[in-house]
Amino acid sequence: MTLHEQSIAVYRSRLDTLSAMLTKAETHPEGDALLETKLAEDMHPLATQVRFVANLPGEALPRLTERAFSSREENATTLAEAKAHIAQTAELLDSIDPDELVGVEDTIVFDLPNGMQFTMTAEQYIREWSLPNFYFHLTTAYALLRMAGLELGKADFMPFMMKYMTKGPS
């Protein structure tokens, strides 16, 4: 698999997943108030989970390409605004040509705000850091919406699998 297939294509598909879940959330009686839902008091609310999912692919771009990206620092206050942020990131990802990405063995060095620094290959960065963080926040968003009573199931979390289905349930 190419680095583009391992990263950009995955981010892009899963952004559609989150957008579809937020579309369902727009019909929930709590509507935009769902954005303040938390799983635990010391965890970020849904709005922050969505912001992180929308930011993480872009935050990988300066490490994987020569493109710059500025993360959003503010949470969306409406579901429509959250979906618009996701759409902007999706549009950015759609503009990435596979040839723009560094090689899988190229070295990535990145620092965290707490002073930690990591050095790994581009492939390790995607596999060990970027995608796990992306999925953590995507899964947390799903869990928050389920906890709020939204009717979501595994098919909502993995709709991309439907293109591979060759036989349906009996």
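So the values come out like this:
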| item | result |
| --- | --- |
| Principal-axis tilt of helix 131-147 within the chain, Cα atoms, nearest 10 degrees | 0 degrees |
| Proximal charge balance of Leu79 [Cβ under 11 Å; K/R count +1, D/E count -1] | -2 |
| Of the GluC sites (Glu not before Pro) in region 96-170, those whose Cβ has at most 10 other Cβ within 10 Å and which sit in DSSP loop | Glu105, Glu151 |
| Expected 222 nm ellipticity per residue - DSSP helices of 4 or more, -39500 (n - 2.57), all of the chain, to 500 | -14500 deg cm²/dmol |
| Accessible area expressed per residue, region 1-90, with surrounding protein chains retained (probe 1.4 Å, Å²) | 47 Å² |
| Sequence-distant aspartates and glutamates (8 or more away, or on other chains) whose Cα lies within less than 19 Å of Lys24 | Asp16, Asp32, Glu36, Glu81, Glu151, Asp156 |
| Cα extents of region 14-149 along the three principal axes, largest first (Å) | 48, 32, 22 |
| Ordering of 59-69, 135-145, 110-120 by packing [mean C-beta count within 10 Å, highest first] | 135-145, 59-69, 110-120 |
| In degrees, nearest ten, helix 8-25 long axis to first principal axis of the chain (Cα) | 20 degrees |
| Degrees separating the helix 46-64 axis from the principal Cα axis of the chain, which is the longest one | 20 degrees |
| Carbon/sulfur fraction of accessible area - region 1-138, other protein chains in place, 1.4 Å, % | 51 percent |
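The values are calculated or read from the model by the stated rules, or taken from the named source; none is laboratory data. Keep in mind it's a predicted model, so treat the numbers as computed, not measured. Glycine also receives a Cβ, built like all others from the backbone with ideal geometry; neighbour counts cover every protein chain displayed. In case anyone asks, the SASA skips ligands and DNA or RNA and just uses the protein heavy atoms, side chains included. Shrake-Rupley method; radii C 1.70, N 1.55, O 1.52, S 1.80 Å.
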